[in-house]
Structures are given as structure tokens and as C-alpha cells.
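Asker: For reference, the structure I am asking about is given below.
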Amino acid sequence: MLSHQSTYRVIYGDTDNMGIAYYANYLRWFEIGRTELLRSWGLAYREIEARGILLPVSEAHCKYMTAARYDDVLRIESTLDAEVKAGLKIDYRVTSEDGQTLHATGYTRHAFINREGRVIRPPDFFRELIQRQSGAADD
């Protein structure tokens, strides 16, 4: 399955003095979604890094729609863009828990790099994982 949903409750520290979630927190929530997407595939970030692979963010985009507020429960839907071959692109939708209110959409792009900081092709273990997940999405 190429998508995963996570939930997150907006804490007081996520908000400004108007009680509205601070805009930069959406990128943190994207990271939560991305991490949990990979974990749902049985691949924790820690394991990727243990294999000598790093996934720095090379691009991030967020389109804000409706403010999230203190104590809102958010649903973070993270979806791998399987069309991207050279790196990794994950699309996000942040909605209310019931899915009725769209708070934001966006994406992050990531390069695969080795410990020396050189850009590399996606490693075989990662490509195989994506193929398995794509097949699961077809079932």
C-alpha cells in the first residue's frame, strides 16, 4: 500500500498566541507521516541509516487551507509518488480527524545519499520494497 494515515493531536506548544498551529509545524507533521509510512512498510528510518543511506529533504512545499487549532486531532495522509525514480517524493494531506476539513496539502522530495554525502541511486532494498508495496496496492 503506497499510503498511510497517522493521527496527531495539536499540543499547546504547536500554537501561536492566537491558538492557531504555527505554520512550520506542518513540516514536522509531514515528517511524522513520512516516518510512519515507512514504518508501516516494515522499514524504520533507523534501519535505512544503519545501512549507510540518508534521505535529506531537497524540496518541501506546503499549501495551507484552514487553520488547525490547539487540541484538534489531525489525520496525516502520506502517499508515495511512485512515478519519481531518481529520489523519493511523498505527498501529504492534513485533515481533521473525520476528514471533513482540509488543513493543508504538500510534498517533500528526498535525495538518497551515502555517508560521504554523495547522491546515489535508490538502493536495491528500497526499490524492492516499493515494488512490493505497489503490488500490495494492486491487490
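No value in this document is a laboratory result; all are computed from the given coordinates. Computed from a prediction, not measured in an experiment: that's the story for all the values here. So basically every Cβ, Gly included, is an ideal-geometry build from the backbone, and we count neighbours across all protein chains shown.
Asker: Just to check your reading of the model, which residue among 81, 14, 71 is among the acidic types (Asp, Glu) and more than 23 Å from residue 98 (Cα to Cα)?
Answerer: So the residue among 81, 14, 71 that is among the acidic types (Asp, Glu) and more than 23 Å from residue 98 (Cα to Cα) is 81.
Asker: Return the residue satisfying two criteria in turn: it lies in the stretch 5-59 and is under 23 Å from residue 93 (Cβ atoms) and of a type in the set (Lys, Arg), and of such residues it is surrounded by the most Cβ atoms within 10 Å (Cβ to Cβ).
Answerer: Once the filter is applied, the top-ranked residue is 34.
Asker: Continuing with this model, one more query. Quick one: how many residues across the stretch 1-41 are over 15 Å from the mean Cα position of the chain (by Cα), over 15 Å from residue 106 (Cβ atoms) and not hydroxyl-bearing (Ser, Thr, Tyr)?
Answerer: 10
Asker: Taking residue 70 as the residue in question, decide whether it is touching an Asp or Glu at 6+ places or on another chain (Cβ under 9 Å) and of a type outside the set (A, V, I, L, M, F, W, C). Talk me through it step by step, then tell me what you get.
Answerer: Values: touching an Asp or Glu at 6+ places or on another chain (Cβ under 9 Å): yes; of a type outside the set (A, V, I, L, M, F, W, C): yes.
Yes.
Asker: Please give the helices (runs of 4 or more DSSP H) falling wholly within the stretch 21-139 in which 2 or more residues are of a type in the set (Val, Ile, Thr).
Answerer: So the answer is 25-40.
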